[in-house]
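Here is the structure we will look at, set down as structure tokens.
The values are calculated or read from the model by the stated rules, or taken from the named source; none is laboratory data. Fair warning: this is a prediction, and the values are worked out from it, not measured in the lab. Cβ placement follows ideal geometry from the backbone for every residue including glycine, while neighbour counts extend to all protein chains displayed. Just the protein is used for accessible areas: all its heavy atoms, side chains included, with ligands, DNA and RNA removed. Shrake-Rupley method; radii C 1.70, N 1.55, O 1.52, S 1.80 Å.
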Amino acid sequence: MLDASVKLGQSVARISAALALEKPDRTPVMICAEAFCGKAMGVKLKDFISSPDRGSELMAECIASLGEVDAAESLVPTAQILGAAWLSKNRLPGRDLGEDEPWQVEEVSLMTEADYDLILDKGMAAFTGDYLGRRLPQTGADARIYLATDFQKAALNFVDRGILPLCPIPAFIPFETFCSGRGLTGFSRDMFRMPDKVKAAMEVAQAGSLTALRSQIAATRPFAVYFAVSRGASEFLSPKAWQRFVWPFIRETVEAITDSGAHVFLHFDACWDRDLAFFRELPKGRCIFASDHGTDMHKLRDTLGDHLCLFGDVPASLLTLGTPDEVHTYSTRLIQDMGPGFILGAGCQVPPNARPDNVKAMVAAATGK
């Protein structure tokens with residue numbers, strides 16, 4: 001068995017080659033899995049999330065058991081922070097749900113039209129602190145549990161097993177936060193009724209977010225930043241709205257990250273087929289475009305395969321309902337179709353009820369072991 005430091009060095013070299021659109025010694029494989037890890041390790045999800053530090057240890061142990069995995073996307077269970085990120089309520093196992101049910105986010109739409117003025121006047125950080133303190137105190141308390149995690153120790157859980165902790169820092173754009181805080185219907189109405197005010201509030205929120213993000217990158221020097229967009233996907237907006245409220249913020253965020261020295265992991269759920277050509281404006285060889293099986297992988301390859309590294313896209317349904325042979329065949333074909341600038345993994349993340357043998361078959365398709 002390889003020493004962890006040697007294995008880590010090989011994994012970093014593979015991921016780096018794929019990012020640079022070069023041919024590595026083999027296709028790298030990355031696992032994004034949270035609830036799956038708890039279930040695969042025989043731990044109830046209530047206990048899995050009760051201590052993010054312990055949850056991270058279980059995640060690293062589980063992912064290492066799947067084969068020669070090169071990198072991990074998530075390093076800590078994110079159950080407690082999701083509500084805060086989306087100005088919504090958390091529904092957690094053992095508290096709001098059954099002890100072994102996957103956590104959920106409940107959109108409650110407590111952000112009002114007047115809050116745009118508050119953001120413009122006081123800034124996004126002041127608004128968020130007030131919002132979580134007075135309107136969603138439980139969500140704020142949950143977030144504090146997550147933020148108390150020893151993230152350096154979490155990263156070492158993976159490094160000590162020769163696995164690259166790919167992106168310990170998250171990034172979002174204001175569209176995602178506003179859309180969930182206002183609710184899809186309310187926010188869609190806002191974009192038509194008061195577009196200038198919405199855009200101005202977005203710009204204030206973005207400026208504060210990027211300042212904080214640059215400081216985080218400088219302090220931690222991550223390999224990559226996890227940048228997630230889903231409701232801002234092309235399929236949900238007209239081209240005019242998308243180009244005004246989404247794309248400029250994506251481009252600015254990516255440029256801030258790459259200018260700070262990190263790569264970008266574009267965790268972009270849903271279908272982006274319509275606007276893939278815009279992504280050629282991003283720095284070449286600095287981003288990984290991760291599809292959740294909603295975007296056509298072959299269109300991704302044809303449009304961006306010579307510009308960005310691609311990741312994915314083994315579907316959740318196959319990992320859950322398929323056989324190891326079916327998963328291996330699908331994954332092998334994907335590797336052959338995508339070319340050198342490609343990293344193999346599950347679309348979005350490994351679902352909680354995936355069969356461990358299926359996930360191992362996916363890893364084996366990349367590693368040959």
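Structure data summary
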{"read-out": "Two-site label geometry, R221 and D53: point separation in nm, points 7 Å out along Cα→Cβ", "value": "2.5 nm"}
{"read-out": "Estimated inter-spin distance, N353 and L147, nm [label 7 Å along Cα→Cβ]", "value": "3.6 nm"}
{"read-out": "Those residues of the stretch 1-26 whose amide nitrogen sits under 15 Å from the label point placed on D306, 7 Å along Cα→Cβ", "value": "21-22"}
{"read-out": "Stokes-Einstein translational diffusion, the stretch 210-315 - Kirkwood Rh over all Cα pairs, 1.306 mPa s, 10 °C, in µm²/s", "value": "113 µm²/s"}
{"read-out": "Reciprocal mean inverse distance between Cα atoms of the stretch 230-292 - Kirkwood radius, Å", "value": "12.1 Å"}
{"read-out": "Entries in K44/K153; K46/K197; K240/K284; K39/K89; K89/K199 that, when Cα-Cα distance is taken, lie over 31 Å", "value": "K46/K197"}
{"read-out": "Most mobile of M338, M202, M194 in a GNM of the chain (Cα contacts under 10 Å)", "value": "M194"}
{"read-out": "Gyration tensor (Cα) of the chain, equivalent ellipsoid semi-axes in angstrom", "value": "32, 24, 19"}
{"read-out": "Vicinal HN-Hα couplings computed from phi for the stretch 198-215 (Karplus, 6.51 cos²θ - 1.76 cosθ + 1.60; Hz; Gly/Pro x)", "value": "4, 5, 5, 5, 4, 5, 5, 4, 4, 4, x, 5, 5, 4, 5, 5, 4, 5"}
{"read-out": "Accessible surface of the chain [probe 1.4 Å, protein heavy atoms]: carbon and sulfur percent", "value": "53 percent"}
{"read-out": "Cα centroid separation, the stretch 1-74 to the stretch 154-195 (Å)", "value": "21 Å"}
{"read-out": "Solvent-accessible heavy-atom area per residue, rounded to whole Å², over the stretch 192-294 at 1.4 Å", "value": "42 Å²"}
{"read-out": "Those Cys residues of the chain for which no other cysteine Cβ falls under 4.7 Å", "value": "C32, C167, C179, C271, C287, C309, C348"}
{"read-out": "Structure-based [θ]222 nm, the chain - -39500 (n - 2.57) summed over DSSP H runs of at least 4, per residue, nearest 500", "value": "-15000 deg cm²/dmol"}
{"read-out": "Inter-site label distance for T185 and R134 at 7 Å from Cα along Cβ, in nm", "value": "2.5 nm"}
{"read-out": "Extension reserve of the S5-R251 stretch, reckoned as 0.36 nm per residue once the Cα distance is removed", "value": "85.1 nm"}
{"read-out": "Highest-MSF residue in the chain out of H263, H298, H307 [GNM, Cα springs under 10 Å]", "value": "H298"}
{"read-out": "Those residues of the stretch 189-219 whose amide nitrogen sits under 12 Å from the label point placed on A241, 7 Å along Cα→Cβ", "value": "189-195"}
{"read-out": "Cut-off under 5 Å, modelled amide H: who pairs with L97 long-range", "value": "L92"}
{"read-out": "Rounded to whole Hz, the Karplus (6.51, -1.76, 1.60) HN-Hα couplings of the stretch 26-37, x for glycine and proline", "value": "7, 5, x, 10, 10, 10, 10, 7, 10, 4, 3, 5"}
